[in-house]
Amino acid sequence: MTRLVRAEFTKLRTTRVVYGMAAAMAAFAVLTVAANISDRQGAPPLSADSLPMLVGGPVTLLAGAALLLGILGMTGEFRHHTVTQTFLVTPDRGRVVAAKLVAYPLAGIALALATLAFTAAVAAGWLAAKGITPSMFDARLGRVLLGAVLAAGLCGLVGVGVGALVRNQVAALVGVLVWVLVIEGLLMSLLNAPSLGKWLPSAAAAALTNPGAAHLSRLGGTLLLAAYALALALAGTRLVVRRDIT
């Protein structure tokens with residue numbers, strides 16, 4: 001199993017999309033810091049306690065990036081027709097999917113941590129240039145990091161599960177976008193139950209990246225998103241094991 005996980009990390013290191021995604025996240029981090037610092041109309045003035053707010057800017061997008069990474073990692077095998085060779089080398093398909101279920105959530109977490117570290121460095125430097133010494137040991141900063149790590153890991157798991165279920169890369173990516181942007185809203189409208197929203201997958205992720213408001217608690221969101229991720233992972237693994245790959 002360790003060998004299979006290492007093989008997945010090797011694939012990641014040799015895939016340009018990972019580096020492109022990391023560069024995009026770094027650029028977005030700089031933009032969010034710049035926007036939050038420059039546009040302060042109606043917002044409290046910057047202070048030593050502003051660092052958690054600045055670092056938390058890209059957290060939601062990082063969860064989406066981890067989801068995308070998981071989908072690409074699973075569906076890429078089918079898109080590039082490497083899945084047959086992979087299963088010939090490792091006939092136990094369940095172990096192959098399990099390795100991806102380990103590797104891609106960890107990759108999502110690594111991407112999130114690297115981006116947040118870069119964001120913190122940019123934000124701290126910007127605040128220092130304004131004569132503000134930021135507090136690096138703020139409990140709120142720790143909560144931002146915890147939420148980002150949980151969201152990235154679980155969204156990466158969801159991505160692999162979705163990719164295993166759908167297999168077609170374009171269909172999986174479009175399907176996720178349609179679900180988040182259209183179907184969840186339609187469900188709440190048709191069922192006339194606004195309170196249903198907090199139990200849907202995107203709201204569970206938002207409870208980790210943007211806690212408060214009408215969302216579940218961070219613990220509740222973690223458990224709910226973990227349940228969705230586990231269900232998708234189990235269903236996807238079963239389908240890959242049982243379904244013809246041709």
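Just 119, 82, 32 to compare: in a GNM of the chain, with alpha carbon springs under 10 Å, which one fluctuates most?
With Cα springs under 10 Å in the chain, the top fluctuation among 119, 82, 32 is at 82.
Taking 20 °C and 1.002 mPa s as the conditions, I'd like the Stokes-Einstein D for the chain in µm²/s, using the Kirkwood hydrodynamic radius from alpha carbon pairs.
The estimated diffusion coefficient comes to 112 µm²/s.
Just how much of residue 228 is accessible, in Å², when a 1.4 Å probe is used and the result is rounded to the nearest 10?
In the full protein context, residue 228 sits at about 70 Å².
Show me 136-148, 90-102, 52-64 ranked by packing, highest mean number of other Cβ atoms within 10 Å first.
52-64, 90-102, 136-148
Between residue 143 and residue 178, what is the label-to-label distance in nm when each label sits 7 Å out along the Cα-to-Cβ direction?
3.8 nm
Enter the Cα centre distance for the pair the stretch 63-81 and the stretch 112-178, rounded to the nearest angstrom.
Cα centroid to Cα centroid, the span is 17 Å.
When the helices in the chain are scored as -39500 (n - 2.57) per DSSP H run of 4 or longer and the sum is shared across all residues, what 222 nm value do you end up with, to the nearest 500 deg cm²/dmol?
Details: 11 runs with 185 residues, N = 246.
After summing the helix terms and dividing by the residues of the chain, the value is -25000 deg cm²/dmol.
In a shell of Cβ-Cβ distance under 14 Å around residue 243, excluding residue 243 itself, what net charge do Lys and Arg (+1) and Asp and Glu (-1) give?
Values: positive: 93, 167, 238, 242; negative: 77, 244.
Neighbourhood net charge equals +2.
Among 214, 139, 172, which residue has its Cα positioned farthest towards the positive end of the charge dipole of the stretch 120-246, with +1 placed on the Cβ of Lys and Arg, -1 on the Cβ of Asp and Glu, and the dipole taken about the Cα centre?
Positive-most Cα among the choices belongs to 139.
The values are calculated or read from the model by the stated rules, or taken from the named source; none is laboratory data. Model, not experiment: these values are computed from the prediction. With ideal geometry, Cβ positions are generated from the backbone for all residues, glycine too; neighbour counts draw on all protein chains shown. With ligands, DNA and RNA removed, areas are computed over all heavy atoms of the protein, side chains included. Shrake-Rupley method; radii C 1.70, N 1.55, O 1.52, S 1.80 Å.
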